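Novice: Below is one structure. I have some questions about it.
Any read-out appearing in this document is the output of simple, stated calculations on the displayed coordinates, not a laboratory observation. This is a predicted model, so every value here is computed, not measured. Here Cβ is always computed from backbone atoms with ideal geometry, including for glycine, and neighbour counts include all displayed protein chains.
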Amino acid sequence: MPIEQPRAGSSLPPLPNSTSRLAANAQAPDSSASTITAIDVDAAEPSGLDDFVIRASEGRDQPTAAISPDLALCARCLRELFDPADPRYHYPYINCTDCGPRYSIVLRLPYDRAATTMAAWPMDALCACEYHDPASRRFHAQPVACGECGPGYWLAMLDEVHQSGVEERLGPIPHAARLLQAGAILAIKGLGGYHLACDARNPDAVAALRNRKFRKEKPFALMARTIELARTLVELSPAAEAVLASPAAPIVLGPGRVTLPHVAPGTDELGVMLPYTPLHHLLFAAGAPELLVMTSANRSSEPIAYEDADARERLAGLADGLLVGERPIARRVEARLIAAEP
Ligand SMILES: [Zn+2]
Ligand SMILES: [Zn+2]
């Protein structure tokens, strides 16, 4: 970005003189999602800029920017998700510049909304207002959406499709939570693909999943509703807990403290992750079992399913139902697995 000192008489505050101070200021203390990986400085003639703007990408040059990874729901969006007074109350695609999808929605570069899988949903006044407001944490958040203008979720059972209407947006999620509670296996669309989920403490459900997936030995990952619950399952050092709760939301593998039938046969280790999408939080809040098996949706040795039609076809006979999110996934992203530090 071109930067120059304000002209004499300008109301803008002067910039720090050293680029290292500028970089230090740019790393906001509460913005754990961002990291400056490199700074290149080139001297240039002043061109009389007198405002701060984010210009539309011209797309002339070969893009060099790395696409950011998808990020777990941030604390502020989580608060909004469960605030009945918030316009995005219970909206399963709530996000901001600190959280949400990036890599999994990019169709091409530069990274603008029109080049993402959100292009099909024009922003309404609320979202557009935040998107264009430099003071909002949704300023240029490309996937910004709300229940009025954005995509939703619906539940598809084996031969029957329950499409949720605008007023019944929460409908499919409590239904899915009840099915999981009753021992069903559901395919749930996440950020980078579908997961197969079932109650990890229901041995019949886990055994059925293992049989249907043709996965005799390999351990299943777990999703624990809270970090307190995760601690009771796996021995976690403070460093491992920090990784578990980080925006990358990986599966952390560590020595198991409990034995869950059929979850991880033949090993003393368990892999656990925390809820990282708004949908996961909504499912738990709606009464889903607080410990779920959450494994990539595929048969053994196939890649994770991420396209809806493909998922329906490939997961028939594997899942009892599909919780389908309308926002398309541009490319599959497998879960990150990290071994806990001893
Ligand atoms: Zn957020
Ligand atoms: Zn909106």
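Novice: Could you give me the ³J(HN,Hα) list for the range 110-127, computed from phi with Karplus coefficients 6.51, -1.76, 1.60 and θ = phi - 60°, whole Hz, x at Gly and Pro?
Specialist: Using θ = phi - 60°, the values come out as x, 6, 10, 3, 4, 9, 10, 6, 8, 4, 6, 10, x, 6, 7, 4, 4, 5 Hz.
Novice: Additional query: Convert each backbone phi in the range 171-180 into a coupling constant with the Karplus relation 6.51 cos²θ - 1.76 cosθ + 1.60 (shift: θ = phi - 60°), then list the ³J(HN,Hα) values in order as whole Hz, x for Gly and Pro.
Specialist: x, x, 6, x, 4, 4, 4, 5, 4, 5
Novice: Please list, by residue number, everything in the range 180-201 whose backbone N is under 18 Å from a paramagnetic label point 7 Å out along Cα→Cβ of V258.
Specialist: The answer is 180-184, 197-201, whose backbone nitrogens lie closer than 18 Å to the label point.
Novice: Average the reciprocal distances over every distinct pair of alpha-carbons in the range 95-250, invert the result, and give the Kirkwood radius in Å.
Specialist: Mean inverse Cα-Cα distance, inverted, gives 18.6 Å.
Novice: Which GluC sites (Glu not before Pro) in the range 200-283 pass both tests, a DSSP loop state and at most 16 other beta-carbon atoms within 10 Å? Intermediate results must be reported in sequence, preceding the final value.
Specialist: Working: sites: E217, E228, E235, E241, E269; in loops: E217, E235.
Here the GluC sites (Glu not before Pro) that fit, given the DSSP loop and packing criteria, are E217, E235.
Novice: Another question, if that's okay. With just the Cα atoms of the range 67-151, tell me how far they stretch along each of the three principal axes, in Å, largest first.
Specialist: The Cα atoms of the range 67-151 stretch 36, 25, 25 Å along the principal axes, largest first.
Novice: List every residue whose amide H lies under 5 Å from the amide H of G192, counting only residues 5 or more places away in sequence or on a different chain, with H placed 1.01 Å from N in the peptide plane.
Specialist: V333
Novice: What distance in nm lies between label points placed 7 Å from Cα along the C-beta direction at A120 and L229?
Specialist: That separation, rounded to one decimal, is 3.2 nm.
Novice: How many nm is it between the label spots at R76 and M157, if each spot is 7 Å from the Cα in line with the beta carbon?
Specialist: Placing both labels 7 Å beyond Cα along the Cβ direction yields 4.2 nm.
Novice: Here is a follow-up. For a label point 7 Å from the Cα of E148 along Cα→C-beta, name the residues of the range 78-104 whose backbone N is under 15 Å from it.
Specialist: Backbone N within reach: 85-89, 91.
Novice: Taking the beta-carbon count within 10 Å as an exposure proxy, list S68, S47 from fewest neighbours to most.
Specialist: Taking fewest neighbouring Cβ atoms as first place, the list is S47, S68.
Novice: Between L107 and F139, how many nm apart are label points set 7 Å from Cα along the C-beta direction?
Specialist: Each label point is offset 7 Å from its Cα along the Cβ direction, giving 2.8 nm.
Novice: Among F214, F220, rank each residue by its count of other Cβ atoms within 10 Å, from fewest to most, as a rough exposure measure. Could you put the intermediate results ahead of the total?
Specialist: Values: F214 11, F220 24.
In increasing order of surrounding Cβ atoms, one gets F214, F220.
Novice: Another question, then. Give me the extension gain from S237 to N211: residue separation times 0.36 nm, minus the current Cα-Cα distance, reported in nm with one decimal.
Specialist: Details: separation 26, 0.36 × 26 = 9.36 nm, distance 3.37 nm.
The S237-N211 span can extend by a further 6.0 nm.
Novice: Kirkwood hydrodynamic radius of the range 153-339 from all distinct Cα pairs, in Å?
Specialist: Numbers: mean 1/r = 0.0608 Å⁻¹.
This gives a value of 16.4 Å.
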